[in-house]
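Encoded as structure tokens, the structure appears first; notes follow it.
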Amino acid sequence: MLINKKNSYKLGIFAEKICLFWLFFCGYKIIANRYKCFAGEIDIIAIHKQQLIFIEVKARVKKQNIEQMLFAKQIYRIKASANYFVAKNQHLVNLPRRFDFIEVSLFSISHQKNFF
């Protein structure tokens, strides 16, 4: 299946929406999605079991290694964005932080907790 840039973007947005519902039903409190700042973007920010969780979502049509989906530069931007978010939301500063990765494919959701 050929996916152009526009369809890839739409697939990513759809995957994020699936994850929002899935996380909500798993007991996560969603506090932001598609958060953007000068440093980058975070797909989903949630609180679960007294942890502040920053989640990167990737949609894939075919199976890939995580290393092919998430690069060091992306991880750096996500962490910088997370630091900025916490600085702007001081009431969250004392919560432990966790960085998760969720891969959405045609028939599954794979949630890697504390991924980076």
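Nothing in this text is a laboratory measurement; each read-out follows from the coordinates by a stated rule. Quick caveat, the model's predicted, so the values are computed rather than measured. Cβ atoms come from the backbone with ideal geometry, glycine included; neighbour counts cover every protein chain shown.
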Original post:
Which value, in debye to the nearest 20, describes the size of the charge dipole of the chain about its Cα centre when Lys and Arg Cβ atoms bear +1, Asp and Glu Cβ atoms bear -1, and nothing else is charged?
Top reply: 180 debye
**OP:** Would you mind checking which residues have amide H under 5 Å from Asp100's amide H? H placed 1.01 Å from N; only 5 or more apart, or other chain.
**Re:** Phe54, Ile55, Glu56, Asn114, Phe115
Subject >> MRE, 222 nm, helices only [DSSP H, n ≥ 4, -39500 (n - 2.57), over the chain, to nearest 500] >> reply: -11500 deg cm²/dmol
Subject >> Potential extension, Leu92-Cys37 segment - 0.36 nm per residue separation minus Cα distance >> reply: 18.1 nm
Subject >> Amide N of region 102-116 lying under 20 Å from the label point, which is placed 7 angstrom from the Cα of Val61 along Cα→Cβ >> reply: 103-110
Original post:
Between Ile45, Ile102, Ile75, which gets the highest mean-square fluctuation from a Gaussian network model of the chain, Cα cutoff 10 Å?
Top reply: Ile75
Subject >> Fraction of antiparallel bridges per DSSP, region 5-112 only, in percent to nearest 5 >> reply: 65 percent
Subject >> Rounded tilt (10° steps) of 72-88 against the dominant C-alpha axis of the chain >> reply: 40 degrees
Original post:
Gaussian network model of the chain, Cα springs within a sub-10 Å range: biggest mean-square fluctuation belongs to which of Ala82, Ala72, Ala39?
Top reply: Ala72
Original post:
If the limit is 23 Å between Cα atoms, which of Lys6/Lys79; Lys6/Lys113; Lys5/Lys36; Lys58/Lys88 go over it?
Top reply: Lys6/Lys79; Lys6/Lys113; Lys58/Lys88
